[in-house]
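The values are calculated or read from the model by the stated rules, or taken from the named source; none is laboratory data. Keep in mind that this is a model prediction, so the values were computed, not measured. Neighbour counts are summed over all protein chains in view; Cβ atoms, including those assigned to glycine, are modelled from backbone coordinates with ideal geometry. In case anyone asks, the SASA skips ligands and DNA or RNA and just uses the protein heavy atoms, side chains included. Shrake-Rupley method; radii C 1.70, N 1.55, O 1.52, S 1.80 Å.
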Amino acid sequence: MTLPRTATGPAPKKKRRGSRPSGGELLAAAIGAVPGGATRPGQQQMTEAIEQSIASGEHLLVQAGTGTGKSLAYLAPALTVDGPVVISTATLALQSQLVDHDLPRLADAVEPLLGHRPTFAVLKGRHHYLCLARLDNSVEEEPGDTLFDAPRPGGGTGWLGEAGRLGKQVQRLRDWAEETVTGDRDELDPGVDDQVWRTVSMPARECVGAARCPFGQECFAEASRARAREADLVVTNHSLLAVDMLAGRHIVPPHRLLIVDEAHELADRVSSAAQAELVPELIDRSTRRARPLLRPELADRLTEAGDALAVGLGETPAGRLTAGLPPALREACTLLDGATRAALEAIGDVKSDDPDPVRKQQAKAVLDELSATAQRLLEEADHDVAWVEKPEQGNRRALVVAPLSVAGTLADHLYDERTVVAASATLALGGRFDTVARSLGLEAPPPGPPSPAAAALAATAAGRPQSGVADTADQRAATGTAPATEGPGWRSLDVGSPFDYARQGILYVAAHLPRPSVSGLPEAAGEELLALVGALGGRTLGLFSSRRAAQQAAELLRARTDLPVLLQGEEALPLLVRRFREERESCLFGVMSLWQGVDVPGESCQLVVIDRLPFPRPDEPLAAARAAAVDAGGGSGFAAVSVPIAAVRLAQGVGRLIRATGDRGVVAVLDSRLETARGYGPFLRRSLPPFWYTTRADVARGALERLAKS
């Protein structure tokens, strides 16, 4: 992507007018600039609510369904704030949409009203930018990392060909460095392999800083931060936002308003940022990098610790370490803690007159991270969860530690000295915002039950509506919104969706099928899938709970139909999605990464099939640990943890069907529990768009047959 608006230097200062237009006026100008642009009530309501939050300082949770136009709804009022305003997204797709489409159009439309053209910039982590210091010193000393080693005896032509291919990519990066303005990897077309990019980019923890780097004045990452400080709007991502919070909020420019889009992803991204791991291969690379700076016996201690970790991981089964570190892993962490501390003391501080401060800082950074992780694991704090990770494919093994909850971190660091607007199509679970609010570090509005998720389950099981919340899909459809809920320092609002879900789609639950018990795709569910896909003649997005189930479904349809079946993993995902969009009779089957972010409006996707409710697997360490903690406190871990996770995932998957006002189709859930489970079934259904609901297979097939003929 190209950003001529901010890439060529600091953005111009704003020209202030005596009377600043309101967010509503800016929104109207943006809508009027689009041919055929129409006013959307939910969009206007969201803009007004954000303006109120800006004025009052109250934080705001907004659920805005697909088609609301939420991007413009928050961008317009953001321009009424003395910048910068920060917008954070979870996905690259949304970030690109904002930067390449929404922001340029908005800037054009509102310039006459504001008296100046709003500026914007993209802020990413350092590793997204080309590092000139790494590029200048890209012949690594570590044999395992280099791309330029001499040909190995007996290496074969395959290895030589691969080395030559990677070497050409590095040379292309050298040429690109002479012409790029931003150094942003996303602007490099065609791209390069991750292995190559790692040799020319610098993780934040390994950077010596502009003052001590010989290329500090030309640093692309520093330039991106400078542009962000001067821009009206800064677009970043949840991962960098999380790192910024954990690092004391000195990366993202100071700001009064933070807009978190795709907010249902934020807590997980913060958990990932606070997660750490020990991997034998990382210890090995760190030792090679530090060896020139250490006495041989100190380097040997690091090697010994890495070998001990490899042995311990080999002896320990995959999964959560509920009884603490086993002896072999405790010994490995103890050895690593001592070895890294001794190595760091021997290396000493990075000084301005060091012959190679960049390499010395890199060695220190990785050793410091290993030391901190080893100490964290040895502490075995109640607020941390540790587990051994062994992927189904590959030989990589890791000892991982992550926080049990990040709600406290968010409460302490997300909301201070700024107003936060959190927006998503999936925030009100079971008709209420309480569960998501707590996960984001916001206290529930008083008076309220101690466990909102458990209370919602109990209320729906007893047939009682929750106070202040629309009780049925018909009520929500009639009003278009759920009432705003006041709380201490925050409020919530559901602005609904412009789609007429009850007329555009059917939610069919195959209540006659047996409760799913075995892994993979049960035979009865397979037959139901065949009947539904056959009635429509393809055009099906299949969302499965496991790779095995997706593979079995693909094999079944390939054996018994002539329909083109695309299976995730057989080709690159963007290519599969493009083929699914272009080949009308095709089916696309896959797992969790397809449950959100796939946007295929029109006739190419008129049936979404979900094989089973997406509860977290028992071997998901964090979810299991969080549920166990709730159980230990006298609550229901299943209700408080597993059900909300399933609700968010299910709502995201169901949301793949209706993407435009003209879309029609059927969502088929092949898990009878959505109908038969009295406790959580109604809660999950209340978390979904208000489709017309049925459990009759003939009704669903009849609707699909009519769609096939239309």
**Asked** How big is the gap, in Å, between the Cα center of the range 213-279 and the Cα center of the range 696-710?
**Response** 48
**Prompt:** Which distance in nm do the two modelled labels at Arg256 and Leu344 give, with both placed 7 Å along the Cα-to-Cβ direction?
**Reply:** 4.1
**Prompt:** Would you list Asp599, Asp562 from the most to the least accessible area, probe 1.4 Å?
**Reply:** Asp562, Asp599
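Find how much the distance from Val181 to Arg212 grows on full extension, using 0.36 nm per residue of separation minus their present alpha carbon separation; answer in nm with one decimal. Intermediate results must be reported in sequence, preceding the final value.
Values: separation 31, 0.36 × 31 = 11.16 nm, distance 2.23 nm.
Full extension from Val181 to Arg212 adds 8.9 nm.
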**Message:** With semi-axes √(5λ) of the Cα gyration tensor in Å as the read-out, I listed (1) 38, 33, 25; (2) 59, 36, 24; (3) 42, 33, 27; which label goes with the value calculated from this structure?
**Reply:** (3)
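Shape call for the range 546-657 from the C-alpha gyration tensor, a ≥ b ≥ c root eigenvalues: rounded (a/c under 1.5), prolate (a/b greater than b/c) or oblate? Intermediate results must be reported in sequence, preceding the final value.
Working: a/c = 2.92, a/b = 2.25, b/c = 1.30.
Cα axes put the range 546-657 in the prolate bin.
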**Asked** Suppose every K and R has +1 on its Cβ and every D and E has -1 on its Cβ; what is the size of the dipole of the chain about the Cα centre, in Debye to the nearest 20?
**Response** 1520
**Prompt:** Where does the longest stretch of the chain lie that holds no trypsin sites (Lys or Arg not before Pro) found in a DSSP loop with 10 or fewer other Cβ atoms within 10 Å?
**Reply:** 352-710
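At 1.4 Å probe size, put Asp102, Asp193, Asp300 in order of accessible surface, largest to smallest.
On the way: Asp102 30, Asp193 50, Asp300 85 Å².
The ranking, largest first, comes out as Asp300, Asp193, Asp102.
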**Request:** Give me the percent of DSSP beta bridges within the range 510-626 that run antiparallel, rounded to the nearest 5.
**Result:** 0
**Request:** Go through the range 217-229 residue by residue and turn each phi into a ³J(HN,Hα) via Karplus (6.51, -1.76, 1.60, θ = phi - 60°); whole Hz please, and just put x for glycine and proline.
**Result:** 6, 10, 5, 5, 5, 5, 5, 5, 5, 5, 5, 5, 5
**Message:** Going through the cross-link list Lys124/Lys168; Lys70/Lys709; Lys364/Lys390, which pairs have a Cα-Cα distance over 30 Å in this structure?
**Reply:** Lys70/Lys709
**Request:** Give, in nm to one decimal, the length gained when the segment between Ala204 and Met592 is fully stretched (0.36 nm per residue of separation minus the Cα-Cα distance).
**Result:** 136.7 nm
**Request:** Give the long-range amide H neighbours of Phe120: residues separated by 5 or more places, or on another chain, with amide H under 5 Å away, using H modelled in the peptide plane at 1.01 Å from N.
**Result:** Asp232, Leu233
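Please sort by residue number the GluC sites (Glu not before Pro) in the range 336-426 whose DSSP state is loop and whose Cβ has at most 12 other Cβ atoms within 10 Å.
Sparse-neighbourhood loop GluC sites (Glu not before Pro): Glu392, Glu417.
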**Fill in**
The alpha-carbon center of the range 511-548 and that of the range 576-623 are separated, in whole Å, by 13
**Asked** So in the chain, what percent of DSSP beta bridges are antiparallel if you round to the nearest 5?
**Response** 25
**Prompt:** Quick one: if you stick a label point 7 Å off each Cα along the C-beta vector at Glu331 and His127, how many nm between them?
**Reply:** 3.2
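Rounded, prolate or oblate, given the Cα gyration tensor of the range 27-109, with a/c below 1.5 counting as rounded? It would help to have the intermediate numbers written out before the result.
Working: a/c = 1.35, a/b = 1.18, b/c = 1.14.
Note, shape of the range 27-109 comes out rounded.
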**Message:** Taking the Cα centroid of the range 310-374 and of the range 74-122, what is the distance between the two, rounded to the nearest whole Å?
**Reply:** 43
**Request:** Specify whether the C-alpha gyration tensor of the range 579-625 places it in the rounded, prolate or oblate class, a ≥ b ≥ c being the square roots of the eigenvalues: rounded for a/c under 1.5, otherwise prolate if a/b is larger than b/c and oblate if not.
**Result:** prolate
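Val699 to Arg558: extension gain in nm, 0.36 nm per residue of separation minus the Cα-Cα distance? Don't jump to the answer; show the numbers that get you there.
Values: separation 141, 0.36 × 141 = 50.76 nm, distance 2.56 nm.
The Val699-Arg558 span can extend by a further 48.2 nm.
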**Request:** Pop the C-beta distance of Trp692 and Thr91 into the FRET formula with R0 = 35 Å and round what comes out to the nearest 0.05.
**Result:** 0.70
**Prompt:** Using the Karplus equation 6.51 cos²θ - 1.76 cosθ + 1.60 (θ = phi - 60°), what ³J(HN,Hα) coupling, rounded to whole Hz, does each residue of the range 102-110 give in order, writing x for Gly and Pro?
**Reply:** 5, 5, x, 5, 5, 4, 4, 6, 9
**Item:** Rough spin-label spacing in nm, given labels placed 7 Å along Cα→Cβ, for Arg579 and Ser22
**Value:** 5.2
